[in-house]
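K.L.:
Okay, handing you the structure first.
Here, each number is a calculation from the coordinates, and none is a lab measurement. Owing to the predicted nature of the structure, the values given are computational and were not obtained by experimental measurement. All Cβ positions, glycine included, derive from the backbone under ideal geometry; neighbour counts span all protein chains shown.
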Amino acid sequence: MAGDWAEIGSAKRFLAVVASGFLAVLANGCSPSIPGHPQSGYGQLDPNSVDGQPVTDGPTGARAGVADAKLAVRGGNGGSIDRLVVNAVSDSTDFWRSELPKDFPGKRFTAPKTLYSFDSGEPGTSNKPRTPGKTGKGDKTGKPVCQPPSTDNAYVFACGAGIAWDRGPFLSAVDTTFGAASVLAVVGHASGYLVQGQLGIAGGHDGTSAIAQQRDDCLVGALFRWVADGGAKHFQANTGTGVSQAMSALLSIPVVAVARGAQPSPFDRVYAFQAGFTDGAKRCTKINANDVNSRVTDLDLNGEQPSGEYAPLSPRTLQLLQGSMADAFDQAGDSAPTIVANAGDCTADARTAPVSYCDDNTISVDMTGVNAIIVGRASQTSSPQSTPSTPGAPGTPGAPGMPGKAPVNPTADPSMFGDFAAYSEIASRYVIAVSRNNKLSPTDDNAGMRTACLTGAWVGYTRKPTSDDPSRIRLAAVGLNDSVRQLLMPSSMIAADGNGTVVKSGFARVEAFRIGFVNGSATCTKQFR
């Protein structure tokens, strides 16, 4: 293999026909883990603050009127994605040049020596970074400079002492779905592996251990704190939608899981990001086996083989969801809500698209809107404050990104959030009825946090076999990941009250969801009364 590499986004994501599927038991017999008891300071439950400061809602994305960074790129075409990535490399380099000497006396950050751009989907060009060939643009006649050990695309990765990226559809979809600042998070992940290598952390720069991966999420958190504080030249991020969407984008490109450790769960990764955001880069180097083992517990997830595609929602799925949620929350008789497609007696002000809890105790599901969550479309893209670098939405009718046409490799379109993301949206409106049946107001001060917690409780319930019926809704590892990244999107109702008012802090959303997932619904109705 030519060169060292550390890969982001090559782990193929699969979803089973009824529940999201992923091989939860890896080659070494390990299963994914979640934090059981977060250490003091990171189990944040204040819905309106981040690290003790009020959540900000200012602009997020590329700064207007700032000249692009001028860095040499091998194989680039000078297009919008190349310019966006180069600006991200420039800003992350500025941060680490300043931060490393402060946090680690005697250390200096060496900027990426070479930047490589390639387009894996363009005929006649390289599917990996190469030296200039006959065209002088790194085509297939050039010599590979590094090669990820996967047949799937590696979208942004450390390549020796440099950084390489595939400027194809994936990064465009990251920009469109999560906003330009999230591209900085993706690039920051690759820079983080270089940081670990330059600090001499064991296993740091190759990115192949779960511990190294969490360190890198932590380093991205430290980078984003600097961006949120206004330090970056080309990017800006608020601590509400900006930070939340950056975390969702990172969860959309799962890092490689290998025999040295199970792939970190979304709870692990958000915890690590928050540690860096709150305490800085120095905290990241303290993530080791003891640290990880002190805060994890076995997920005990379904280990069935995946089917390889997403499954759009159907009337049969709604029936299965209703049965699962009724069992999970012990709902029966007249008090049990009914899940219906494109129906329900909902007044205009009670609607929370694409799923609404209606006054007649029905959960009205907009099938088109929910399927857009599953298979990808721009319907739930970033808020007005969180802008992509270029307008527009990925996909055309009959192509990846439109309902009913899931691509063979879902990883190629991060706007596809998967079936458990959609199921969680439905569950979030179902638990409004659960709150009412527990004589709790769906619009009180704790309603959004309680909704996130109860939705997490249902997702946790689905990991446990309740019968031998193969059609039962069952959770697997990627389903949990998709639920959490959907939770972090600005249009998600998973942490919203009955009127659709969303918990502002992404950290608080995830923590409330985690509490329900681990401890069950009784804890939710008690803790968030």
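K.L.:
Evaluate 2.2 N^0.38 Å with N set to the residue count of the range 55-102, then give the Cα radius of gyration divided by it.
P.N.:
For the range 55-102, the normalised Cα radius of gyration is 1.39.
K.L.:
List Tyr461, Tyr430, Tyr423, Tyr116 from most exposed to least, where exposure is judged by having the fewest other Cβ atoms within 10 Å.
P.N.:
With the sparsest Cβ surroundings first, the list reads Tyr461, Tyr116, Tyr430, Tyr423.
K.L.:
Once you have a ≥ b ≥ c as the square roots of the Cα gyration tensor eigenvalues for the range 408-529, tell me rounded if a/c is under 1.5, and otherwise prolate or oblate according to whether a/b is larger than b/c.
P.N.:
oblate
K.L.:
Return the distance in nm (one decimal) between the two label points of a simple spin-label model at Lys70 and Ala289, each offset 7 Å from Cα along Cα→Cβ.
P.N.:
About 5.0 nm, to one decimal.
K.L.:
Just how far, in whole angstrom, is the range 61-101 from the range 500-518 if you go by their alpha carbon centroids?
P.N.:
Using only Cα atoms to place each centre, the spacing works out to 33 Å.
K.L.:
Using the Karplus equation 6.51 cos²θ - 1.76 cosθ + 1.60 (θ = phi - 60°), what ³J(HN,Hα) coupling, rounded to whole Hz, does each residue of the range 232-238 give in order, writing x for Gly and Pro?
P.N.:
7, 7, 9, 10, 9, 8, 7
K.L.:
Only four residue types carry charge here, +1 at the Cβ of Lys and Arg and -1 at the Cβ of Asp and Glu. Report the dipole size of the range 438-529 about the Cα centre in Debye, rounded to the nearest 20.
P.N.:
Roughly 160 debye, rounded to the nearest 20.
K.L.:
I would also like to ask the following. From the phi angles alone, apply the Karplus equation (6.51, -1.76, 1.60; θ = phi - 60°) to the range 111-117 and give each ³J(HN,Hα) in whole Hz, x where the residue is Gly or Pro.
P.N.:
4, x, 6, 9, 10, 10, 10
K.L.:
What does the highest-first list of 491-502, 431-442 look like by mean Cβ count within 10 Å?
P.N.:
Averaged packing, sorted descending, gives the order 491-502, 431-442.
K.L.:
Starting with the highest mean, order 321-329, 53-61, 101-109, 270-278 by the number of other Cβ atoms within 10 Å, averaged over the residues of each peptide.
P.N.:
Averaged packing, sorted descending, gives the order 270-278, 321-329, 53-61, 101-109.
K.L.:
Let me ask another. Given the pairs Lys102/Lys286; Lys439/Lys526; Lys113/Lys233, which span a C-alpha to C-alpha distance of over 19 angstrom in this model?
P.N.:
Lys113/Lys233
K.L.:
Kindly write out, for the range 53-62 in residue order, the coupling ³J(HN,Hα) from the Karplus curve 6.51 cos²θ - 1.76 cosθ + 1.60 (θ = phi - 60°), rounded to whole Hz, with x marking Gly and Pro.
P.N.:
Residue by residue, the range 53-62 yields 10, x, 4, 9, 10, x, x, 9, x, 6 Hz.
K.L.:
May I pose another question? Provide the net charge surrounding Pro354, with neighbours chosen by a C-beta distance below 9 Å and charges set as Lys +1, Arg +1, Asp -1, Glu -1.
P.N.:
So the environment of Pro354 carries a net charge of -2.
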